[in-house]
């Protein structure tokens, strides 16, 4: 297990208590899981994703990550409509381990863009992880 | 909760980036930075080494030792080796279980005969004291000494097709020590546990080498005195460096053993009747399974049982698994609950090719396509109320996710555990 100091928490994205990240890209938001999450889960071997067009509320379960250790639910940091899913992860789910912030899972058009501001910044997230 | 115990490699595990978790009473590595998938595949294709010092060793010495084991352990030590069912002799070992009088399981174990009246019993983590006490309770007037070696020895498993090549490099006269070593035999000794054949490390350190393991693959379990353990671990890693050896954690151990249809004690076997499961070879059945060749603790309860749950291996159709918990169930295809899930892991070395399960180790001549890339299959054990035929489909569910799996006779094909050692050196 890596020390927190060895993990990467870029300031360009926001974080949730469930260890997802969200990154604004124009009028859409990309969602993935944090370096901490992938380190805890171990080898990610399968990703279950929603369909393009699915609508979710903030906090809804939108998919699962399957690692050697467990099956983990993914929760949406912000409500919105799925506009893209990262199909490349079906073939190479391990890229989430290798590049957690490069490996977005879904892209949404948020219902309320202001929800982004309610998410934790890197500093608050690391504070939460430190307990 | 009891204080977390550690093995002598604990500092090494932390320094080398292991992801740690509590297993039994011990803080153990789940995987190292290579990851559990790479570790699992290393054991299929080259080798892996596991810290298994959390397991417990008990020594039995004296005239009454064999008789006590005959009464408490399920295997018939006078009829257990090979097709001929010849008696256990010094330098050989057998797998069986310790039962309560009611036929439920205390623990599974490998029993070694080291000398004439000298036996060694290897049980699971935290079970040394419990099994030693159980043996003591039943010894009556038998003349023997029972010694609990818990936390006194170091134990590691080298598993995988190149295991013998690695071990040969760290043993003095390694080729001679390993020559002719059959499955379920041992050589050497340590700390008063001495088999008839000598074995030592290059520097003369005594070592007990056992051709056994918990992965279904070719390999060895090594026992040394505690103070020699960390240096042996480093010696083995150095010897295996150019042979593809990886240190492996408990996650790979679990997925390998599940694919090899080996039970995890207190999960797949436990405080319920040891009946109707894939491990009946642990019992001294006479031909035709009508009776036992000896009497032993729990025998009457097993013979009297007419009904009960059935424990069966399964494999899925892709790598998706469910996390086993109190809300996981087995249902039939109509959705009616028929039992519970005991183990659900992913064997990362296998995949389905048509009707067949193929492993990364399956020879091309036996059906492995040239471009075969194992994606992994979920597998494990279910305990169901009525018997299910091999090939029957059932559902595993955790309330949210549902996966369809097939009842199997066997799971990962082409395992290397029983290959002759001449083919592996």
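Where a number appears in this text, it was derived from the coordinates with a stated rule and is not lab data. Bear in mind the structure is a predicted one, so any value in this text is a computation, not a measurement. Neighbour counts run over all protein chains shown; Cβ positions are idealised from the backbone, glycine included.
Observations, loosely collected:
- C-alpha center-to-center spacing [the range B:85-121, the range B:394-425] in angstrom: 26 Å
- For the pair residue B:332 and residue B:355, a Förster radius of 22 Å applied to the C-beta separation gives a FRET efficiency near 0.55, rounded to the nearest 0.05.
- Label zone at residue A:116, where the point sits 7 Å out along the Cα-to-Cβ direction: the range A:34-78 residues whose backbone N lies under 13 Å: A:78
- Shielding score for A:65-74, defined as the mean number of other chain Cβ atoms within 10 Å: 6
- Mean per-residue shielding of peptide A:38-44 is 4, counting Cβ atoms of other chains within 10 Å of each Cβ.
- Here's the picture: a label point sits 7 Å out from the Cα of residue B:423 along the beta-carbon direction, and within the range B:27-65 the residues with their amide nitrogen under 18 Å of it are B:43-47.
- Compared with the alpha-carbon gap, the fully stretched path from residue B:234 to residue B:138 is longer by 30.5 nm at 0.36 nm per residue.
- Virtual spin-label span in nm between residue B:14 and residue B:371, 7 Å along Cα→Cβ: 4.8 nm
- Peptide ranges B:376-387, A:76-87 listed from the most packed, as the mean C-beta count within 10 angstrom indicates: B:376-387, A:76-87
- Note on the range B:139-162 and the range B:301-330: Cα centroid distance 30 Å, given to the nearest whole angstrom.
- For chain B, the relative contact order is 18 percent, taking Cα pairs closer than 8 Å that sit 6 or more residues apart in sequence and dividing their mean separation by the residue count.
- For chain A, the relative contact order is 30 percent, taking Cα pairs closer than 8 Å that sit 6 or more residues apart in sequence and dividing their mean separation by the residue count.
- Gyration tensor over the Cα atoms of the range A:14-114: the corresponding equivalent ellipsoid has semi-axes (square roots of 5 times the eigenvalues, largest first) of 21, 13, 12 Å.
- Sorted on the mean count of surrounding Cβ atoms within 10 Å across their residues, most packed first, peptides A:103-109, B:161-167 read B:161-167, A:103-109.
- Computed per residue of the protein assembly as shown from DSSP H runs no shorter than four, each worth -39500 (n - 2.57), the mean residue ellipticity at 222 nm is -4500 deg cm²/dmol.
- Cα centroid separation - the range A:68-131 against the range B:235-264, whole Å: 33 Å
- Chain lengthening between residue B:202 and residue B:276 when straightened (0.36 nm per residue, less Cα-Cα): 22.0 nm
- For the peptide B:320-326, the mean number of other protein chain Cβ atoms found within 10 angstrom of a residue's Cβ is 3.
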